[in-house]
Amino acid sequence: MAAAQARVFEFELHFTETYKAHQGDHPAVREAACLRVLLPHLLGPISENDDFAGRIDSYPLVGLGLEQATGGPGYYCREKDEILRQMSTATVSAAERAQGLRK
């Protein structure tokens, strides 16, 4: 379970680092960079009987909202307590990266 949590937390760190790296860029550039990180994580695989691609199985703790399920268009951070709980069980390198993002 801890290994799965570390992988999930890895996504949140990667997304936040990407956002911060593009914070001064034009919003379209920043959003494209964030979507490049978000969409492969968010969208489920295409199944044999699917009529449409793009199944969303679950929403990550941070991301770029594309629909009402995440509160509408815009960046979001859900369940801050869950993120803090994951930080407490994260690897040392992930925890150090997270602390660096708080600046």
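The numbers here are math on the coordinates, done by the rules we state, and not lab data. Given the structure is predicted, the values throughout are model-derived calculations rather than measurements. Positions of Cβ are generated from backbone atoms using ideal geometry, with glycine treated the same way; all protein chains shown enter the neighbour counts.
Could you order peptides 54-65, 37-48 by the average number of other Cβ atoms within 10 Å of their residues, highest first? Intermediate results must be reported in sequence, preceding the final value.
Values: 54-65: 15.0, 37-48: 12.8.
Most protected by this proxy first, the peptides run 54-65, 37-48.
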Cα→Cβ-extended label distance, 7 Å offset, between residue 22 and residue 76, nm: 1.9
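In cubic angstrom, how much convex hull volume per residue do the alpha carbon atoms of region 7-51 span? If you can, show how the numbers build up before the last one.
Values: hull volume 2.9 nm³, N = 45.
Convex hull volume per residue, Cα atoms: 65 Å³.
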